[in-house]
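Written out below as structure tokens is the structure these notes cover.
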Amino acid sequence: MDRIEQLVWNPFTPGYYQNPLAHLNDCREIVPIHVGSQGAITFFKYDHVSEMLRSKDYEATSLSDYLGEKEDYLFKGVDQCPYLSTASKAWPFYNNGHTHKMLRVGMMKAFNQINFKDIIQESVEVTNRSFADKDEFDFSDYCGLFIYEILKRAFDLQMTLEEMTNYSSMLTLSQDIFVPKQVYLEINKWMLWGKKIFKNSAYKDQLIANYSDISQEFDLETIYSLMGVTVMAGYETSKANLGIALLEAIRNPQLLEIALTLGEREQSILIEELFRYSSPTQFTIRVNKKPLQIEGFEIPANSKLYLCIASANHDPRKFDNPNSIQFDRSPNDHLSFGAGPHFCLGANIARTELRIGLKPMLSFLKNFKINEGSIKWKKQIIMRNLDSALMARNHA
Amino acid sequence: MTTTQWLQEIIADESGEKPESVSISRKFETMNLDSLSLLSLAHEIESKLSLEIDPTALTEYDTIEKLAKWIESNS
């Protein structure tokens, strides 16, 4: 739509989904703190974002509370059992304090009981075999299958690839901004569906046992909520990260060749750089517990603050040449997994996925060429993710 | 049914008011519509008219009169 715009963060800026960084970089350099189009104060500089993620003066906000407040409106005249608030109640990144700590302990223990290395190795082999005889395919499907194979094995999930894709995509949307009630109702259906699927999973029993070990009696709805967030974050975030990272590597022949020759330590450095560069979680939200004075802004306590992780990860005050992938960047204090008390629980799983998967996947993908014109991104704001990107076999 | 009449109908339904009490020059902010309601209205308009609409547009085109004009000039 034609509108005279001053510089305000607005994801409806033309071309935003294709390349949000152009707009985010402008915001950071021109108006690094301002009220964005979502009506909340938004921070773009690394130092601000990093401080707010790490400091105990800021807390996560509860999506579940928001959805609970909106329940009467969302479900008015609708023949659906309201489940949005319950299903998102235990997601660790929306909890604080002791509950948050306990939720994390049980989940982390469950992750540590899984042999991810073998599972990831097996999954990359299955994925490459599945695509070996194809001359054309959607790169997004390739990334999705790899992550699906991992999660299915790791968490004993009885769902198809299509179901996992839809389920996790819907749960991811529940955290986005500018979500209308029609979409929330669709998300609610998928959350109810997930609960049925989780009933017979060994992961459910594992979580119950882990919380029992630390004398935490969480009810079954809490367990289902944790299982939902495991699938959502495990699939959608991992796929987003893998997709953006691999896409950059296959578009850049020099980077691809370097990636294939690196030793273990150098590869780990490159992987961190890919996490920084791709920043799939573009924003996160915090609330300030105390009134805040910052660069001329007087912000009352309990204000909702949007922290732009993607912009912070490309801040030239922190990173030299931030908009290029530097395979030997070290140190690399990126914020792609957050920081502080809400540091991503699955960070090490995501790292292991790339440590094991990067070389065999790039070795396979280098036989194909990406169709640049076919690259489409999901219309999501908080989490950036590929929608589709076609690849065709090289016939040179 | 004109665009204006259709908007009156769906906005009345969303705000819980009678269509006749929803004047075309009345600002949405004076009705029983919060930001979620406005987003849901934008979604309804987008899907019914196959028209790409910025969800924040209803804060700029903030009356039925303004919104109807925008829809008609972009359809």
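The values are calculated or read from the model by the stated rules, or taken from the named source; none is laboratory data. Keep in mind that what you see is a predicted model, and the values were worked out from it rather than measured. Please note: Cβ atoms are built from the backbone with ideal geometry, for glycine as well, and neighbour counts cover all protein chains shown.
Would you check if A:Ser268 is in contact (Cβ under 8 Å) with a residue 12 or more places away in the chain, polar (S, T, N, Q), surrounded by fewer than 19 Cβ atoms within 10 Å (Cβ to Cβ) and in a helix (DSSP H, G or I)?
So A:Ser268 fits the description; yes.
Suppose we keep only residues that are farther than 19 Å from B:Leu36 by Cβ and surrounded by 14 or more Cβ atoms within 10 Å (Cβ to Cβ) within region B:65-75. Which one would you say is farthest from the other protein chains (Cβ to nearest Cβ)?
Taking the candidates together, the pick is B:Glu65.
Among the basic types (Lys, Arg) and either within 14 Å of chain B (Cβ to nearest Cβ) or touching a residue at least 60 places away in the same chain (Cβ under 8 Å) (or both): is that true of A:Lys239 in this structure?
Taking the combined requirement at face value, the residue satisfies it.
Restrict the check to region B:56-72 and report whether at least one residue is among the small types (Gly, Ala, Ser) and closer than 18 Å to A:Ser37 by Cβ.
Yes, there is a match, as at least one residue in region B:56-72 is among the small types (Gly, Ala, Ser) and closer than 18 Å to A:Ser37 by Cβ.
Quick test of your reading of the structure: B:Tyr61 fulfils all but one of (1) within 13 Å of another protein chain (Cβ to nearest Cβ); (2) surrounded by 17 or more Cβ atoms within 10 Å (Cβ to Cβ); (3) in contact (Cβ under 8 Å) with a residue 24 or more places away in the chain. Name the failing condition by number.
Every condition holds for B:Tyr61 apart from (3).
Among the residues of region A:75-104, which ones are part of a loop (DSSP other than H, G, I, E, B) and within 14 Å of chain B (Cβ to nearest Cβ)?
Within region A:75-104, A:Phe75, A:Lys76, A:Gly77, A:Val78 meet the criteria.
Return yes or no: is B:Ser37 surrounded by fewer than 19 Cβ atoms within 10 Å (Cβ to Cβ), among the polar types (S, T, N, Q) and within 12 Å of chain A (Cβ to nearest Cβ)?
It is false that B:Ser37 is surrounded by fewer than 19 Cβ atoms within 10 Å (Cβ to Cβ), among the polar types (S, T, N, Q) and within 12 Å of chain A (Cβ to nearest Cβ).
Of these, A:Asn332, A:Asn313, which one is surrounded by 22 or more Cβ atoms within 10 Å (Cβ to Cβ), of a type in the set (S, T, N, Q) and touching a helix residue (DSSP H, G or I) at 6+ places or on another chain (Cβ under 6 Å)?
Answer to the selection: A:Asn313.
Where in region A:16-74 are there helices (runs of 4 or more DSSP H), lying fully within it, with 2 or more residues that are within 12 Å of chain B (Cβ to nearest Cβ) and in contact (Cβ under 8 Å) with a residue 60 or more places away in the chain? Reasoning before the result, please.
Details: elements: A:20-30, A:46-54, A:63-74.
The helices (runs of 4 or more DSSP H) meeting that bar are A:63-74.
Which of the residues that make up region A:161-191 are in contact (Cβ under 8 Å) with a residue 60 or more places away in the chain, surrounded by fewer than 17 Cβ atoms within 10 Å (Cβ to Cβ) and away from every other protein chain (no Cβ under 13 Å)?
A:Lys189
Which residues, taken from region B:50-66, are in a helix (DSSP H, G or I) and closer than 19 Å to B:Pro19 by Cβ?
B:Leu58, B:Ile64, B:Glu65, B:Lys66, listed by residue number.
If you take the residues of region B:47-58 that are facing another protein chain (nearest Cβ under 9 Å) and within 18 Å of A:Pro11 (Cβ to Cβ), which of them is farthest from the chain's Cα centre (by Cα)?
Within region B:47-58, the first condition is being facing another protein chain (nearest Cβ under 9 Å), and the residues that meet it are B:47, B:52-57.
Going one step further and asking which of them are within 18 Å of A:Pro11 (Cβ to Cβ), we end up with B:52-57.
On the way: B:Glu52: 14, B:Ile53: 11, B:Asp54: 13, B:Pro55: 11, B:Thr56: 12, B:Ala57: 10 Å.
Filtering region B:47-58 for residues that are facing another protein chain (nearest Cβ under 9 Å) and within 18 Å of A:Pro11 (Cβ to Cβ), the one farthest from the chain's Cα centre (by Cα) comes out as B:Glu52.
Do we have any residue at all in region A:60-76 that's within 30 Å of A:Ile244 (Cα to Cα) and touching a Pro at 6+ places or on another chain (Cβ under 9 Å)?
Taking region A:60-76 as the starting set, the residues that turn out to be within 30 Å of A:Ile244 (Cα to Cα) are A:60-64.
Filter once more, keeping what is touching a Pro at 6+ places or on another chain (Cβ under 9 Å): A:60.
Taking every residue of region A:60-76 in turn, at least one turns out to be within 30 Å of A:Ile244 (Cα to Cα) and touching a Pro at 6+ places or on another chain (Cβ under 9 Å).
Each row is one residue, and each column tells you yes or no for (1) surrounded by 19 or more Cβ atoms within 10 Å (Cβ to Cβ); (2) touching a Phe, Trp or Tyr at 6+ places or on another chain (Cβ under 7 Å); (3) β-branched (Val, Ile, Thr).
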residue: A:Met227; (1), (2), (3): yes, yes, no
residue: A:Met232; (1), (2), (3): yes, no, no
residue: A:Ala249; (1), (2), (3): yes, no, no
residue: A:Leu255; (1), (2), (3): yes, yes, no
residue: A:Pro280; (1), (2), (3): yes, no, no
residue: A:Glu295; (1), (2), (3): no, no, no
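Which ranges mark the strands (runs of 3 or more DSSP E) fully within region A:272-359 that have 3 or more residues being in contact (Cβ under 8 Å) with a residue 12 or more places away in the chain? Full working, then the answer.
Numbers: elements: A:283-288, A:292-294, A:297-299, A:304-308.
Passing ranges, in order: A:283-288, A:304-308.
Cβ contacts < 8 Å: first residue assigned to a loop (DSSP other than H, G, I, E, B), restricted to region A:198-218; second residue among the small types (Gly, Ala, Ser), any location; separation 6+ or different chain. Result?
A:Ile214/A:Gly106; A:Gln216/A:Gly106; A:Phe218/A:Ala90; A:Phe218/A:Gly106
With the requirement that a residue be assigned to a helix (DSSP H, G or I), more than 26 Å from A:Gly36 (Cα to Cα) and either within 14 Å of chain A (Cβ to nearest Cβ) or under 11 Å from the mean Cα position of the chain (by Cα) (or both), what does region B:16-34 give you?
none
Just need a number here: residues in region A:241-278 that are modelled with pLDDT of 95 or more, small (Gly, Ala, Ser) and under 18 Å from A:Cys344 (Cα atoms).
Count: 1.
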